[in-house]
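The values are calculated or read from the model by the stated rules, or taken from the named source; none is laboratory data. Remember, it's a predicted structure, so these values are computed and weren't measured experimentally. Here the Cβ positions follow ideal geometry from the backbone for every residue, glycine too, while neighbour counts run over all protein chains shown.
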Amino acid sequence: MSLAAYAVRADTSRGRLFPEPESDMRSPWQRDRDRIIHSAAFRKLQYKTQVFVNHEGDFFRTRLTHSIEVAQIGRSIARALALDEDLAETLALAHDLGHPPFGHAGEEALNLAMKPFGGFNHNAQSMRIVTMLETRYAAFDGLNLTWETLEGLAKHNGPLHRPPAYIAEYNQRHRLELGTHASGEAQVAALADDIAYHSHDLDDGLRARLFDLEDLRHVPVVGEALEAASRAGPDVPPPRLRHETIRRVIDAMVRDVVGETRRRLTALAPEDAERIRHASAPIVSFSPEMAEANQVIKHFLVERMYRHWRVNRMTAKGRGLTEELFRLLHGDTSLLPGEWRARAGESGAARAAHTVCDYIAGMTDRYAVDEHRRLTDVTVLG
């Protein structure tokens, strides 16, 4: 399929911080995607919380399955808009690399612990991973991704006028034009994340019996999808009805994004990708009606799922465990494994804090639980 004039193009790529010859078999974005998939950080996503802690059930989403679903939705939207599917997929697969264990509970705990040292932000952590913490190549730290992938990763949610500390620091070495919008492909990945997050959290909430289908009758978009699914056949069993409903929710949201974005593209008439970056507002977007419906869905999930007592218990435990891990390791860096101990330096210092934060943020849920046990249980050998 031919790309639109406003798509990001490989032949105009701004390249990599450390120059490398490009492949004659893969585009630069395909190489970026492959480097992400083969990274340690990507593999760890299979054991990192989405909402439910990993051991709670094999069918609940993890950060890995969520990222794959975002990539699928992102490719579908990019194809419909004649954008580069590979770049959209690459950004979708990379967008959650910086999440610590225990989901938002772990992020809140690390942000609180790191307040004296600039705080913690999972988007900035994703950038630290792909530009510094992955050590797979002889010639450079990080994955040496293209400018276009790094730009999209840094600002897929919009311009960064007050960027997190690490992104601001990296921008001094490798200018990412933080004050502009990201490419259309990056904007697609951001909207695909929203679609996947809401629809699949609805699915997991139903699977966990935190609410049932009848509770969704009056939720916009979801209620209409449920009604249509109920008409799909007589006596549809609940598991199939759930699936039929969720896939219709995804379809409605994708069609809305494509329709609204086409309207905005017609009004803007961008002659190249730069015109999208310098537009006064995002080009890839929900319609106002769907954006409002998404807020209602989010409110429903907050009240009925994210604040459910079962989720609250795991959230509290995950937050407390992360806080104690940081306190123990930052207070005594001699407790860190060898290579991390060498990087940390003096206990309690800023360098030690960033090292401990990187160490904890890279943990899976179950590794964090095991490490906490090794540090606190006298019956467990280190």
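Considering the stretch 191-220 alone, what residues qualify as being hydrophobic (A, V, I, L, M, F, W, C) and crowded, with 22+ Cβ neighbours inside 10 Å?
Leu191, Ala192, Ile195, Ala196, Leu202, Leu206, Leu216 - these are the residues of the stretch 191-220 that are hydrophobic (A, V, I, L, M, F, W, C) and crowded, with 22+ Cβ neighbours inside 10 Å.
Of the residues Thr131, Thr135, which single one is hydroxyl-bearing (Ser, Thr, Tyr), buried (at least 18 other Cβ atoms within 10 Å of the Cβ), touching a Gly at 6+ places or on another chain (Cβ under 9 Å) and at negative phi?
Thr131
Which of the helices (runs of 4 or more DSSP H) contained wholly in the stretch 1-91 include at least 1 residues that are out of contact with any helix residue (DSSP H, G or I) (no Cβ under 9 Å at 6 or more places or on another chain) and either modelled with pLDDT under 95 or at positive phi (or both)?
none
Could you check the stretch 132-233 for helices (runs of 4 or more DSSP H) lying wholly inside it with 1 or more residues that are touching a helix residue (DSSP H, G or I) at 6+ places or on another chain (Cβ under 6 Å) and closer than 20 Å to Arg9 by Cβ?
147-155, 184-207
Looking at His181, His161, can you tell me which residue is farther than 20 Å from Phe42 by Cβ and crowded, with 17+ Cβ neighbours inside 10 Å?
His181
Give the residues of the stretch 354-382 that are farther than 22 Å from Ala40 by Cα and part of a helix (DSSP H, G or I), sorted by residue number.
Arg373, Arg374, Leu375, Thr376
What is the number of the single condition among (1) surrounded by fewer than 16 Cβ atoms within 10 Å (Cβ to Cβ); (2) assigned by TED's automatic domain parsing to the domain that holds Val221 that Ile283 does not meet?
Against the list (1) surrounded by fewer than 16 Cβ atoms within 10 Å (Cβ to Cβ); (2) assigned by TED's automatic domain parsing to the domain that holds Val221, Ile283 comes up short only on (1).
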